[in-house]
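S.K.: Dumping the structure here so I can ask a few things about it.
Throughout, read-outs are computed from the coordinates displayed, never taken from laboratory work. Computed from a prediction, not measured in an experiment: that's the story for all the values here. Positions of Cβ are backbone-derived with ideal geometry, glycine not excepted, and every protein chain shown enters the neighbour counts.
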Amino acid sequence: MARPDLCTPEEIRQLVDQFYGRIQADAVLGPVFDQHIDDWPLHLDIMVRFWSSILLGAGTYSGTPMPKHVALPGLDAAMFHRWLDLFHTTTSELPNRDMANQADELARRIARSLWFGYQMNREPNRMPQELNHE
Ligand code: HEM
């Protein structure tokens with residue numbers, strides 16, 4: 001899935017900066033991120049490493065996103081939909097359509113898996129709900 005020739009490091013940096021610019025300006029998600037992130041430049045660097053690893057296979061990310069998200073109180077399906085909407089708004093402006101489509105597809109899959117893991121950890125006795133995002 002990862003393809004070293006898909007895009008440049010600068011394109012990934014732009015995607016990350018633009019997306020988290022939208023996140024920070026968002027009335028619902030902005031405060032959630034601000035509450036849990038002390039060092040924004042560091043978070044953006046981590047996210048550049050993350051996307052470089054999954055899009056290009058750069059091997060620069062070695063974190064564990066699931067426990068970090070499970071630890072955040074009060075997440076719900078609407079927030080994951082909103083996250084994906086803002087992500088898609090950002091990718092829709094990318095001239096590199098190949099990169100945009102690949103990033104959208106990965107974001108949808110990872111969001112779904114994070115939402116499942118979140119529910120399984122926080123409410124183990126309830127059947128997890130799907131994340132049906134178009
Ligand atoms: C409701 C949706 C989401 C919210 C509110 C959210 C919020 C956050 C917050 C607050 C952090 C920082 C956690 C910390 O440093 O302790 C974080 C980290 C991260 N998020 Fe999300 N996130 C969401 C969805 C996603 C999705 C869909 C992806 C992937 C496509 C993603 C990927 C990551 C990654 C890779 C990290 C870095 C984890 C690390 O430190 O290694 N997040 N997120």
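S.K.: Taking the chain as a Gaussian network, Cα atoms linked when under 10 Å apart, which of His69, His88, His36 shows the biggest mean-square fluctuation?
M.R.: Result for the chain, Cα springs under 10 Å: His36 fluctuates most.
S.K.: Report the charge-dipole magnitude of the chain in Debye, nearest 20, computed about the Cα centre from +1 at each Lys and Arg Cβ and -1 at each Asp and Glu Cβ.
M.R.: 420 debye
S.K.: Determine the relative contact order of segment 1-114: mean sequence separation of Cα pairs under 8 Å and six or more apart, normalised by residue count, in whole percent.
M.R.: Once normalised by length, the contact order is 32 percent.
S.K.: Considering all projection directions equally, how large on average is the shadow of the alpha-carbon convex hull of the chain, in square nanometres?
M.R.: 8.0 nm²
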